[in-house]
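Everything on this sheet refers to the single structure shown next.
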Amino acid sequence: MSSTGNSRHEGFTDEERAALKDRAQELKTAARRGSRADKAAEALRDVLAKIAEMQDSDRIMAERVHAVVTATAPALAPKLWYGMPAYALDGKIVCFFQSAEKFKARYATLGFSDQAKLDEGTMWAAGFALTDVTPEVEARIALLVKQAVS
């Protein structure tokens, strides 16, 4: 990786280092939690708290994405992943929301991991830029999530 204006040295940017620290803290927190039910409830609280901390446009989109994902695929468990809301099946991340502010990007992202069953031929999209979550976008997200867990 090359150096950027917000990096102290070549390698990870400040934002990337912060995401790595977030992930390390998430792993420590998960290891300390009690029963499976407690872990799920606390992970959901963590996700909702993280969404609540976001700036207005990111927060509004994250709330809508969260609502669509949890309604469409209740088997997906909300959890934090690199400091962002994510949704896992059997402990493996299937999809995630990344705020624009997190990495100072011009748009938020709805991403899918290799666990998502979005395969379409020899090439398919695994990330989608979000600038607004309209009813049409919600419908598209629902279709993608449904396919991802099928």
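Figures for the structure shown
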| read-out | value |
| --- | --- |
| Distance-filtered residues of region 102-138 - backbone nitrogen under 20 Å, label point 7 angstrom along Arg17 Cα→Cβ | 102-105 |
| For the chain, calculated [θ]222 nm from helices alone, where every DSSP H run of n ≥ 4 adds -39500 (n - 2.57) | -15000 deg cm²/dmol |
| Rotationally averaged projected area of region 25-150 (alpha carbon convex hull; nm²) | 7.8 nm² |
| Cross-link table Lys28/Lys146; Lys104/Lys146; Lys21/Lys117; Lys21/Lys104; Lys39/Lys146; Lys79/Lys102, entries beyond 27 Å C-alpha to C-alpha | Lys28/Lys146; Lys104/Lys146; Lys21/Lys117 |
| Spin-label model distance (nm) - Asp119 vs Lys146, 7 Å beyond Cα toward Cβ | 2.1 nm |
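Throughout, read-outs are computed from the coordinates displayed, never taken from laboratory work. Values in this document were obtained by computation on a predicted structure and should not be read as measured data. Ideal geometry is used to build each Cβ from the backbone, glycine not excepted, and the neighbour counts take in all protein chains shown.
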